[in-house]
């Protein structure tokens with residue numbers, strides 16, 4: 001088990017008279033035909049992370065599939081194209097949903113299309129709410145990286161090394177990649193969560209290395225669950241830098257707890273979601 005990080009923040013205690021509105025509304029935008037599970041994993045992680053309400057806005061064709069994973073989040077259908085991906089015409093629906101959301105996560109299971117290459121940067125530029133971008137949302141932003149410094153609200157990007165290389169236009173290795181992430185964050189006024197062994201979190205001024213996680217977490221859907229978890233923690237009032245660090249640490253700890261019982265080889269992303277509650281109960285996170 002990884003050692004406790006004394007620099008980590010903690011969620012405030014919940015008041016006895018709390019209600020679901022006290023802990024924010026997370027909006028997950030993602031999912032497409034064949035990748036409905038990614039949006040569902042993000043939604044389930046947002047629930048386990050403590051968001052008061054979670055809505056998953058997804059391509060109309062896979063709404064029932066996403067809804068079937070978990071009864072505790074709400075689902076909203078968005079216009080889709082012939083291949084089952086969210087269409088550019090979904091813009092106004094997403095803006096309307098965002099107006100009553102605390103934090104928005106965009107990307108899990110989104111897929112790639114010219115419509116999404118238009119829609120994702122538009123949302124990135126326009127919405128004032130804090131937003132977490134992952135997976136194919138990052139690839140849509142990479143089409144015109146000039147957009148990264150042009151945003152109305154706080155932004156968290158959670159790339160793996162390949163996605164980061166596409167965002168910055170070249171491949172970096174080791175510590176150079178971390179320095180490039182810090183430069184990007186500082187130049188664009190965003191927060192970067194550079195995923196991988198000892199995930200690196202930076203807002204351009206400060207930085208942090210994670211100590212939890214294991215190779216069993218190198219599995220499809222792991223990043224989607226992290227996206228939902230970070231969104232949920234930010235919903236509950238943590239500053240984004242703190243929400244990102246606590247989310248990364250807790251996500252890795254959940255993976256470690258799951259691997260202790262299941263082994264690294266058999267670990268799947270839904271196991272990480274199932275162990276989030278134990279990770280959040282751990283003295284390493286509840287302090």
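Miscellaneous remarks
- Qualifying residue in region 44-52 (condition: closer than 20 Å to residue 158 by Cα, part of a helix (DSSP H, G or I), touching a strand residue (DSSP E or B) at 6+ places or on another chain (Cβ under 8 Å) and in contact (Cβ under 8 Å) with a residue 60 or more places away in the chain): yes
- Annotation: of all residues in region 1-46 being over 17 Å from residue 233 (Cα atoms) and more than 21 Å from the chain's Cα centre (by Cα), the one that is surrounded by the most Cβ atoms within 10 Å (Cβ to Cβ) is 5.
- Taken over region 254-268, the residue count meeting the criterion of being more than 10 Å from residue 214 (Cβ to Cβ) and crowded, with 24+ Cβ neighbours inside 10 Å is 1.
- Hits in region 236-250 (condition: out of contact with any helix residue (DSSP H, G or I) (no Cβ under 6 Å at 6 or more places or on another chain) and either free of Cβ contacts under 8 Å to residues at least 24 places away in the same chain or not in a helix (DSSP H, G or I) (or both)): 237, 238, 239
- When region 204-235 is limited to residues that are touching a residue at least 24 places away in the same chain (Cβ under 8 Å) and on the phi > 0 side of the Ramachandran plot, the one that is surrounded by the fewest Cβ atoms within 10 Å (Cβ to Cβ) turns out to be 221.
- Taking (1) closer than 16 Å to residue 267 by Cα; (2) part of a loop (DSSP other than H, G, I, E, B) in turn, residue 253 satisfies each apart from (2).
- Test: residue 71 is without any contact (Cβ under 8 Å) to a residue 24 or more places away in the chain and in a loop (DSSP other than H, G, I, E, B): yes
- Residues that are farther than 15 Å from residue 235 by Cα and touching a helix residue (DSSP H, G or I) at 6+ places or on another chain (Cβ under 9 Å) were ranked within region 91-105; the one that is surrounded by the most Cβ atoms within 10 Å (Cβ to Cβ) is 94.
Since every read-out is calculated from the coordinates, none of them should be taken as a lab result. Keep in mind the model is a prediction, meaning the values are calculated, not measured. Every residue, glycine among them, receives a Cβ derived from its backbone with ideal geometry; neighbour counts consider all protein chains shown.
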